[in-house]
Every structure is written in structure tokens, then in C-alpha cells.
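Once you've had a glance at the structure underneath, I'll fire off some questions.
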Amino acid sequence: MGYGERHKRMRKLFHEGMNVKAIEKLGYMLENEITKFVQHLLETPENLHWHARQATNATVFKVTYGYTVQDGYDPILAKAEETVDMFSYVTLPGMWLVDTIPFLKHLPGTTFKAKAQEWQKMVHEFRDMPADFTINQMAQGKHEASLMSNWFERAEEQPEGRTDEGDLFIKWAGASIYGGATDTTISSFLTFFLAMIYNPRAQRTAQAEIDQIVGNGRLPQLSDRESLPYIEAMYKEVLRWQPVAPFAIPHRLGPEDDTYQGMRIPAGSLLIPNIWGMSRESTMYQDPETFKPERFIDTATHEAEYDPQNYVFGFGRRRCPGINLAQSSVWLAIAMVLAVFDITPSLDASGQPIMPDLRYTQSTISAPKPFKCTIKPRSLEAEKLIRDSMIGS
């Protein structure tokens, strides 16, 4: 989608509906869903990957549409996951020769045109299905407050009221949130668990901070964020250590040339940001291959290193619209999990640790390959805290 009127209007929706204050108002939804994630880990820790995916999907659908994901097969979720998987595949840099040699689009009989039509139909179904649920719930007066319902209600307050064109913008905005916030958040969740397996000292330091500031009588909440600087630093290091989109999302320059630091970028150029390279830049990060949350903490002898949030979520007007939702979800998962669980390697038959593979999938959204670990309550008190927090999961 070019940066035209449609994109400008969508950005306005994101600014109004997904700023920090808006997410804070819906924060109880995040806390409920991440609490369920913790509860599920207690019951079946061996299903970590499944629980991470379910928690992320449930959170995004609840906050965006006021929709509760069904247990078992959910047709709306199935369509959403199918579409996001397709997107991750087709946007991988170098996947399509036509992106590099644009004149190929004029050749007859090319297969990518038929595939593009098929994918467009899939995207439109994904755009409409969850949004139509919210519209129907609002018509019956049964809707739960969400980003989507808030946007529709604001539209109704305008002099022209709701219009088909305006509804379409809102639907696209909702689809963009899911597309940008799910696989990226799942990958960050799993990267956090990998990091804890390989870095027990960082895990203990984070747990000590939670014990001191939050105590053992409740789970951390979003309101604790400013009081937990090491957890904040760990969240940033998870983003930097294994960027979820190593080459971001390629974007094509518009119809005019541009200039960056004296270098001309021709009109129509395909731009691919090297996020991975930025995360490994030795002039910004000491020992960049090592997981070190403390690199982001200011001390008398150390200046905090460059915040990866400035680049891992994209740049300028193309920055990820769901950044505040993703930030809050990942931070809260880290804090809640470490408050009540110890994360260690799985053991083989002889009692030796099995260290997971650190290789990631090769796609637009990169994620850890399946791995196993041991997730156990830190104490009987921690287990009781989890069980006492049961909220009908």
C-alpha cells in the first residue's frame, strides 16, 4: 500500500486508538490473558510453544476486536493464521524476481499474478471476518470495549456518521494490528525462554528485583513497569539479541528520488533495512553476541547502550502500528513468568542438560526452532499464587 490518503487515515486511527494511554485503558485485558498463559504453563509446561501462540492470539483478538478465541478450532483464528503465514512467506526478501525486475509484471502467463489474486482474496476475508463480528455485537448491544468498537463509535460521532469507506479503513487497521503483532510477539516470547536457559544469572537477577519490588503476594502488573528497571532492560535485550524481523518488511520508494547522508536513492528502489546488522553493531553494543540486559541500564560507570526499540519496530511512518501493544505484552509476559517460574534446560537420561539449538527460522518473521526446556514453579508459594489467580481459563 503506497503512502497515500488511505495510509494517512489508518495512521491517524492508530495514533488515536493505540497510543500509550489507550493501551493502558485496555491493560486489564493484557493482564488477564498473560495470567492465563502463566496458568497454562503450570498445568502443561511441555506445551510452551502452543501456549505462547494461544496467549498472543487471544490477547490481540481481545484487545483489537473484543473477541474471545474459541478452544479447539476457531474459524476466525484459522483464517488469520493462514494469512499471516502467507504474508511471512511472500514478503521474504529475494523471494520474487519481479520485486527486483519490475518489468516482469507485464509478461503474460506468469504464475505470481494468479497467486497474488488468490492471496488478495485471503487477505480480504481475514480483514472482514473479525471486524464483522465486532459490528454484529455492537448492533446487538453485546460488544466488549475494544480498539475496533472504539473506532466505530468515534466514526458514528462524526457529522457524516459511519460510512462504507470509513468502515473499510477501520477494518484494514484492525487487520494490520493482528498481522504486525502476533508472530512477532510469539517469537519474542520464545526468545525470552531461550535466553533464560542460556543465562541463569540474568534470570536470578530479574527474579530478585521482582521479589524486592513486587513481593511474593501477587503477580506483576503493567503499573509496576517503571519500578522494575532490570525487567525493562531484559525486555529490550530480548528484542536486540534475536530480532524478530532481521530484515524488517521491504518497502519500495515512491515516484521521486530521495537522499540519505548525501547518497541518492533512485525512485522505485526496494529498501531492505538490515535490522540484524544494527543489532550487532559493535560501535553501539559491547560484546553484541552476548545476552546482557545490564547494557541498557545507566550507572555511574556505564552509559546505557542504544535502545533497540528505535529500530526493531521499523522506521518513521512505516513503524509497526501495534508497537505499544507488543511492548506491553512482551514486558508483562517476562515479568509474570519470572515472578513464579524457574526456567532451566531439559535433562537427558543421564541427568545432563540438553541445550537448545539457537538457529532460527528463515522468513520475514524469524522465530526459534522448536525446543524443550524445564519450567517449574519457584516454590510452593509461587504455585499457590498461580492457582489463586485462576480466572476461568
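Just so it is clear, none of the values below were taken in a lab; they were calculated from the coordinates. What you are looking at is a predicted structure, and each value in this text was computed from that prediction instead of being measured. Positions of Cβ are generated from backbone atoms using ideal geometry, with glycine treated the same way; all protein chains shown enter the neighbour counts.
Starting from the Cα of Lys142, draw a straight line to each of the lysines and keep only those under 23 Å, dropping any in the same chain fewer than 8 residues away.
Lys25, Lys62, Lys171
For segment 258-339, which chymotrypsin sites (Phe, Trp or Tyr not before Pro) are in a loop by DSSP, counting at most 15 other Cβ atoms within 10 Å? Before the final figure, lay out each step's value.
Working: sites: Tyr260, Trp276, Tyr285, Phe291, Phe296, Tyr306, Tyr311, Phe313, Phe315, Trp331; in loops: Tyr285, Phe291, Tyr306, Tyr311, Phe313, Phe315.
Here the sparse-neighbourhood loop sites are Phe315.
Given charges of +1 on the Cβ of Lys and Arg and -1 on the Cβ of Asp and Glu, with all other atoms neutral, how large is the dipole of the chain about its Cα centre, in debye to the nearest 20?
Values: 41 positive and 49 negative charges, 122 e Å.
It comes to approximately 580 debye.
Sticking with this structure for a sec: Under 21 Å between alpha carbons, and skipping anything fewer than 8 positions from Lys384 in its own chain: which lysines qualify?
Those lysines meeting the cut-off are Lys36, Lys376.
Taking all pairs of different Cα atoms in segment 5-388, averaging 1/r and flipping that mean, what Kirkwood radius in angstroms comes out?
Working: mean 1/r = 0.0445 Å⁻¹.
In segment 5-388 this quantity evaluates to 22.5 Å.
Take every Cα pair under 8 Å in segment 5-388 that's 6+ residues apart, average their separations, divide by the length, and report that relative contact order as a whole percent.
Working: 485 pairs, mean separation 87.6, N = 384.
Result for segment 5-388 is 23 percent.
Work from the charge dipole of the chain (Cβ charges, +1 for Lys and Arg, -1 for Asp and Glu, about the Cα centre) and give the residue of Tyr198, Pro377, Asn310 farthest towards its positive end.
Going by the Cα projections, it comes out as Asn310.
Looking at the square roots a ≥ b ≥ c of the eigenvalues of the Cα gyration tensor of segment 209-328, which shape do they give, rounded for a/c under 1.5, prolate if a/b is larger than b/c, or oblate? Please list the in-between numbers first.
Details: a/c = 3.03, a/b = 1.92, b/c = 1.58.
Judged from the Cα gyration tensor, segment 209-328 comes out prolate (a/c at least 1.5, a/b above b/c).
What does the extension gain come out to for Arg359 and Arg280, with contour length at 0.36 nm per residue minus their alpha carbon separation? Walk me through the intermediate numbers first.
On the way: separation 79, 0.36 × 79 = 28.44 nm, distance 1.62 nm.
Stretched out fully, the Arg359 to Arg280 stretch lengthens by 26.8 nm.
Next question. Using 0.36 nm per residue of separation minus the Cα-Cα distance, give me the extension gain between Gln158 and Lys384 in nm, one decimal. Spell out each step's value before the answer.
On the way: separation 226, 0.36 × 226 = 81.36 nm, distance 5.00 nm.
Gain on stretching Gln158 to Lys384: 76.4 nm.
Not counting the cut sites, what is the longest span of the chain without trypsin sites (Lys or Arg not before Pro) that DSSP labels loop and that have at most 12 other Cβ atoms within 10 Å?
Details: sites that count: Lys142, Arg218, Arg359.
The reported range is 1-141.
Pairing the Cα long axis of helix 5-17 with the longest principal axis of the chain, what angle in degrees results, from 0 to 90 and rounded to the nearest 10?
Orientation of helix 5-17: about 30 degrees from the principal axis.
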